[in-house]
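Below is one structure, written out as structure tokens; comments come after it.
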């Protein structure tokens, strides 16, 4: 279709402390104005708080929280003959990660009066317990997809 050159995915390096690619991606999501060192400090202190509270491996706790909050289905608007339907579609890998991180960060940002690392740690622990705003967001998205199951045949 287009004549543009194909983009090359250069991949993402694992973070230096835990050697985990997902964590380094999360650090990049937290980062503002290119201040990666600040974002790294926030994420690592979040992991320290999680380790303190759970006595488990904080990276495993973070990953299990991510797996809990990442959506499987979402709805996409599709126009069919003048009517717009909310068609449920499966969420692919990168978008799952993007949505989960976005919900986690926005849920943490909405809490007030604490450092970001504490708010993130709290939200991660809430997700593990099945509560928290990010978890509610995921459930809402899943419910929407479930409710519009009748229009699944419009998905291509």
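The values are calculated or read from the model by the stated rules, or taken from the named source; none is laboratory data. Keep in mind the model is a prediction, meaning the values are calculated, not measured. Cβ: placed from backbone, ideal geometry, glycine included. Neighbour counts: every protein chain shown.
So which residues in segment 67-95 are closer than 17 Å to residue 20 by Cβ and surrounded by fewer than 19 Cβ atoms within 10 Å (Cβ to Cβ)? Within segment 67-95, 67, 93, 94 qualify. Name, by its number, the condition in (1) over 23 Å from residue 31 (Cα atoms); (2) at pLDDT 90 or above; (3) surrounded by 12 or more Cβ atoms within 10 Å (Cβ to Cβ) that does not hold for residue 126. It is condition (1) that residue 126 fails. If the condition is being part of a helix (DSSP H, G or I) and either in contact with a strand residue (DSSP E or B) (Cβ under 9 Å, 6 or more places away or on another chain) or under 21 Å from residue 51 (Cα atoms) (or both), then segment 121-134 contributes 121, 122, 123, 124, 125, 126, 127, 128, 134. When segment 106-120 is examined, which residues are found to be assigned to a helix (DSSP H, G or I) and surrounded by 12 or more Cβ atoms within 10 Å (Cβ to Cβ)? Matches in segment 106-120: 106, 107, 108, 109, 116, 117, 118, 119, 120. Against the list (1) touching a residue at least 40 places away in the same chain (Cβ under 8 Å); (2) in contact with a helix residue (DSSP H, G or I) (Cβ under 8 Å, 6 or more places away or on another chain), the condition residue 142 fails is (2).
Mind checking which helices (runs of 4 or more DSSP H) fall wholly inside segment 1-105 and carry at least 3 residues that are touching a helix residue (DSSP H, G or I) at 6+ places or on another chain (Cβ under 6 Å) and more than 17 Å from residue 115 (Cβ to Cβ)?
On the way: elements: 21-30, 36-54, 58-69.
The helices (runs of 4 or more DSSP H) meeting that bar are 58-69.
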